[in-house]
Structure formats: structure tokens, C-alpha cells
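Contents: one structure, followed by commentary.
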Amino acid sequence: MMRRARLTIDAAALRHNLGVARRAAGPRRIFAAIKADGYGHGMQTAASAFAAAGAEGFAVATPGEALALRGAGFDQRLLVLQGALDAEEMELAIEHSLDLVFHDLAQIRELGRWCANRGRGASRGHFRAWLKLDTGMHRAGLMPAMIEEARARLENCPAVADRVGLMTHFARADEPDPADTRAQIDRFAGVATGWNGETSLCNSAALLGHDAGGDWVRPGIMLYGGNPFIFGQAADRDLRAGMHLRTVLVAVREVPRGGSIGYGGRFIAPERMAVGIAAVGYGDGYPRHAPDGTPIRVNGQTTRIIGRVSMDMVTVDLRGIEARVGDEVECWGDGLPIDSVARSAGTISYELMCRMGSELRAEARVINA
Ligand SMILES: *Cc1c(COP(=O)(O)O)cnc(C)c1O
């Protein structure tokens with residue numbers, strides 16, 4: 001059977017990128033962000049590669065993701081970014097030694113109720129807690145004025161380990177103007193001075209682009225080879241593609257001059273021209289909003305898509321390209337940065353990585369493991 005759209009994950013590239021983060025982090029420790037199924041690369045595949053390259057911990061969104069990692073045998077620190085929502089999740093945090101982020105007053109109230117109700121029979125263990133400080137992003141996080149009281153309430157609970165951590169997240173570290181990030185760093189420092197627990201500030205863009213400090217960094221996109229900035233290219237930072245989306249041509253044909261191609265007739269052939277049909281579409285996670293001109297490679301030569309993306313097909317401009325049925329098509333990977341496709345489609349590499357179809361993901365091939 002001829003292989004069609006397929007996903008290849010390059011574990012060596014993931015390890016290499018962790019090394020890039022390591023050099024930028026210096027003495028700081030690394031929580032490698034592997035939420036959303038390792039940004040679509042497979043959580044275990046990603047975790048194994050980053051652990052092999054020396055990541056001291058992982059950042060996940062939910063306790064469920066953390067449990068899956070523990071179940072797979074990972075014993076690194078696990079930072080649960082959304083924290084716990086109820087008593088059961090707090091008990092699990094003790095049982096599995098999780099680091100829980102508290103970013104909202106409701107979580108701190110829930111902790112208080114849980115702690116008061118646990119009684120004497122409860123396990124004597126504890127979990128590590130982090131407070132998330134809102135330094136200006138105004139998404140998740142507690143305002144600076146609330147931090148002291150929040151810390152006191154966490155420290156009052158015997159199930160919370162000593163030395164609560166303090167973290168924040170940047171809204172605009174990916175932009176060329178550093179002013180807003182600088183202001184967030186300063187606000188963080190205003191609270192963190194004299195703090196006795198661990199601290200963490202940086203996502204990928206802040207790690208590579210700003211001098212923000214902290215004890216731990218939390219890179220994500222750069223580890224997968226995505227460009228963390230809205231300018232430049234991942235290769236400028238010595239990052240390598242972790243994900244390769246490839247398929248084959250299932251048809252090669254001619255379209256007459258003036259012929260319109262695909263749904264809605266979006267592209268009209270300006271001349272009699274060769275067109276290829278590549279077996280990949282939005283059902284696989286290829287972005288449906290990709291306009292005419294979005295780059296794609298056929299037999300190692302960069303060309304462009306023409307006509308609307310269908311569920312399992314895209315049409316490709318083959319003018320000037322030798323190609324036959326069965327020939328290789330690269331949607332993104334080593335030869336074509338995922339960021340180029342994302343930019344053309346009006347999105348970011350994060351989204352393309354995360355929304356790869358479940359079938360492709362289940363059958364992803366891991367190379368250089
Ligand atoms: C996802 C996430 C990260 C990683 O961000 P990248 O931009 O992918 O490096 C870091 N911190 C938090 C809180 C996150 O949610």
C-alpha cells in the first residue's frame with residue numbers, strides 16, 4: 001500500500017533543540033513544555049527526548065497529563081500549569097509529587113476547604129505549590145497586591161511543601177519591542193525580591209530574547225523547532241524541525257487556460273498548466289485557510305498550493321517541476337519551515353503542530369530515537 005500523509009517526529013532534533021535551550025538557560029533548570037500532546041509530537045515521544053537531553057522537569061496543562069507521564073515512568077518534576085480544581089486533584093498531587101500552580105483565588109479557597117476537611121487519617125505527604133503572578137498579561141494569575149495573602153494561605157496548609165514558588169508569563173516576549181516584557185520583568189522583581197521559594201518566568205521567546213532570570217525556564221515551541229518570535233526564522237536560532245509532514249502526489253494532470261481549480265474556483269489557470277494533487281488536507285490538519293501561494297515542496301523543489309484546501313487533497317502548481325504520481329510532497333519539515341506555512345495561513349506554528357489529525361498522530365513515525 002502506498003503511504004499517503006504521514007507524520008515523522010525527529011527525536012534527534014528535539015534533543016538538539018533542548019540543547020539550544022540549555023545553553024540559553026545557563027544554570028537555570030528547564031521545565032520542557034509538553035502540553036497538548038507534546039505540541040502534537042506525542043507527549044511520551046517529546047518527554048523521552050527532552051529527558052534524554054537533560055530536562056529536569058516538564059510543564060503540562062492539567063493533572064491528567066501529569067498522571068499520564070507518571071504512568072509512563074517519568075519521575076521528573078511536573079509543573080501543572082492550570083493547577084488543581086478540586087480536592088481529588090490535590091490528593092493526586094500529593095500521591096504523584098506534582099508541582100501545582102495556583103493562579104486564581106477560587107483555587108486557594110478550594111485548597112483551604114480541602115485542607116480543613118482532610119482530618120487526621122489523611123496522608124502526611126505534600127505537594128509543591130507555585131503562585132502565578134499577573135505581571136500584565138491579565139490572563140491567569142494573581143495581582144501583586146494579593147500575593148502575600150495567597151502565600152500565607154498556602155503556607156498554612158500542611159499538605160503544601162515549604163517554600164512556595166513564584167512564576168509569571170509574558171504576553172509579548174515574541175515581539176521586537178522589549179518594552180512590555182521589560183515592564184513585566186520589573187513587576188515580577190518587585191514581588192520576587194526576598195522571595196524564599198523558586199521562581200520561573202521564561203517561555204521560549206523570553207529565554208532566547210530577554211534577560212529575565214529565574215530559577216526555572218519553561219520553553220515550549222523552540223524545543224519543537226518552531227520560531228518563538230514573530231520575526232526572523234527558527235534556523236537563525238539553530239533550531240531544527242521536530243515535525244515533518246509529508247505525503248505523495250496521487251495525480252498529475254493538465255488544466256486548460258482559464259480553468260478554475262477546486263471548490264469555489266478560487267484559482268484560475270493563467271495558462272495551460274501542470275497541476276498535482278497531493279494527498280493531504282484539513283482532515284489531516286493541513287490549514288484550510290492556506291491561500292494560493294502557500295509554499296509546499298515537491299521532489300525537493302519549493303512550489304505553492306493553488307485552489308482551496310479540501311479534506312484530504314490539496315492542488316499544487318507543477319509548472320517547471322518534473323513530477324509523477326507517487327512522488328514525495330513535503331508540507332513542512334527540514335526543507336520547509338512550518339513557520340512559513342503558518343505565516344501564509346495567518347496562524348502560528350503552535351496551532352499547526354497541535355491540530356495534526358488523530359490518525360496521523362497515532363501512526364507517527366519516530367526517527368533517531
Ligand atoms: C505553553 C506555556 C509555556 C511555553 O511557551 P512557548 O511559547 O511554547 O515557549 C510556558 N509557560 C506557560 C505558562 C505556558 O502555558
Mean Cβ-within-10 Å packing, highest first, puts peptides 61-72, 12-23 in the order 12-23, 61-72
Quick one: which of 141-149, 337-345, 221-229, 247-255 comes out on top by average Cβ neighbours within 10 Å, and what's the full order, highest first? 221-229, 337-345, 247-255, 141-149
Which whole-angstrom value gives the distance between the alpha carbon centres of segment 161-226 and segment 21-41? 13 Å
Mean projected area, convex hull of alpha-carbon positions in the chain, reported to one decimal in nm², is 20.2 nm²
Rounded percent of accessible protein surface that carbon and sulfur make up, the chain, 1.4 Å probe: 48 percent
If I fit a long axis through the Cα atoms of helix 11-25 and take the longest principal axis of the Cα atoms of the chain, what angle between them do I get, 0 to 90°, rounded to 10? 50 degrees
Taking C-beta distances below 4.7 angstrom as the pairing criterion, name the unpartnered cysteines of the chain, in sequence order. CYS202, CYS331, CYS354
Between helix 179-192 and the chain, what is the angle of the helix's C-alpha long axis to the longest principal axis, kept within 0 to 90° and rounded to the nearest 10? 20 degrees
Using alpha carbons only, how many angstrom separate the centre of segment 241-264 from the centre of segment 66-86? 42 Å
Karplus-derived 3J(HN,Hα), 6.51/-1.76/1.60, for each residue of segment 226-238, Hz, glycine and proline x: x, 7, x, 9, 7, 10, x, 9, 4, 5, 4, 9, 6
Per residue, how much accessible area does the chain have with a 1.4 Å probe, in Å²? 44 Å²
Computed helical MRE - 222 nm, the chain, DSSP H runs ≥ 4 contributing -39500 (n - 2.57), nearest 500: -8500 deg cm²/dmol
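The values are calculated or read from the model by the stated rules, or taken from the named source; none is laboratory data. As the structure is a prediction and not an experimental result, all values here were calculated from the model. Because the Cβ atoms are built from the backbone with ideal geometry, glycine has one as well, and the counts that use them run over all protein chains shown. Ligands, DNA and RNA are excluded from the accessible area calculation, which covers all protein heavy atoms including side chains. Shrake-Rupley method; radii C 1.70, N 1.55, O 1.52, S 1.80 Å.
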